[in-house]
1. Does VAL128 qualify as being under 23 Å from GLY13 (Cα atoms), at pLDDT 95 or above, of a type outside the set (D, E, K, R) and surrounded by fewer than 21 Cβ atoms within 10 Å (Cβ to Cβ)?
2. Here are THR180, THR196: which of them is in contact (Cβ under 8 Å) with a residue 24 or more places away in the chain, surrounded by 20 or more Cβ atoms within 10 Å (Cβ to Cβ) and not in a loop (DSSP other than H, G, I, E, B)?
3. From the residues in the stretch 203-218 that are open to solvent by 70 Å² or more (accessible area, probe 1.4 Å) and of a type outside the set (Val, Ile, Thr), which one is modelled with the lowest pLDDT?
4. With (1) open to solvent by 10 Å² or more (accessible area, probe 1.4 Å); (2) closer than 21 Å to VAL33 by Cα; (3) in contact (Cβ under 8 Å) with a residue 60 or more places away in the chain as the list, and VAL134 as the residue in question, which single condition is left unmet?
5. Please work out which residue is farthest from the chain's Cα centre (by Cα), limiting yourself to the stretch 138-161 and to residues that are more than 21 Å from ILE47 (Cβ to Cβ) and open to solvent by 50 Å² or more (accessible area, probe 1.4 Å).
6. Would you check if there is a residue in the stretch 164-176 being within 19 Å of the chain's Cα centre (by Cα), surrounded by 15 or more Cβ atoms within 10 Å (Cβ to Cβ) and not aliphatic (A, V, I, L, M)?
Amino acid sequence: MDKKVSALFMVCGILFNVTLLISNILAIKIISVGGITATAGLMVFPITYILNDCIAEVWGFKKARLIIWTGFISNFLAVLFYQLAVAVPAASFWEHQDSFASILSQTPRVAIGSLLAFLVGSFLNAYVMSRMKVSSGGKHFSVRAIVSTLIGETADSMIFFLVVFVTVLPLSEVMIMVFTQAFMKSAYEVVILPVTTRVVKYIKRVENVDVYDENISYNVLKLKEI
């Protein structure tokens, strides 16, 4: 089995991890867009799903599985070291400990909700993209990209907001937040879809690869199969 990876695949993987880490920092800020409240991470986080679409479409589910797990590990390590940095006593002359802690510290509930939501949403996105490609014979990329993102983003938002806010806010308010976030993130995908489509076509042409996931295992733990 060929386990080599190309430079373009590595670039996509790196961008996936970088955008994920950036979005988690930006998510700390709450913004208002047209009267709709959201996190600033909304500006970046949907790009991880776009990259997920590209990887699953071009290289298949196995490669997407690898990148999703690297994203999870990167996110986990970032959260771990943020908490360690907050816990380590600050120098006596440094006056920004409270500000530093307010930005980077996370409660266990938020950390667990974020990590779990990312895993489920990302794997659902890649799975739906893969299955729809096989069933459609590789046609209708735009439909696959939108449907997979909508399913993945909805699952991501639902898990995160339920884990973090279900005991804090009324369930009706939580569900409004879930579907608002999922809609806005999916709308992002639709707006940028022409760019995504061109990028996918370019990569397929340059890489000379277009994987169809026939007779593969969708077990998310089979990391040896890349």
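1. yes
2. THR196
3. Restricting attention to the stretch 203-218, the residues satisfying the condition of being open to solvent by 70 Å² or more (accessible area, probe 1.4 Å) are 205-206, 208, 212, 214-215.
This time we only want the ones that are of a type outside the set (Val, Ile, Thr), so: 205, 208, 212, 214-215.
Details: ARG205: 94, ASN208: 92, TYR212: 95, GLU214: 91, ASN215: 88.
Restricting to residues being open to solvent by 70 Å² or more (accessible area, probe 1.4 Å) and of a type outside the set (Val, Ile, Thr), the top hit is ASN215.
4. For VAL134, the exception is condition (2).
5. Among them, the one singled out is LYS139.
6. No: zero hits.
The values are calculated or read from the model by the stated rules, or taken from the named source; none is laboratory data. These numbers come from a predicted model, not from an experiment. As a convention, Cβ positions derive from the backbone with ideal geometry for all residues, glycine included, and neighbour counts pool all protein chains shown. Side chains included, ligands, DNA and RNA excluded: accessible areas come from the protein's heavy atoms. Shrake-Rupley method; radii C 1.70, N 1.55, O 1.52, S 1.80 Å.
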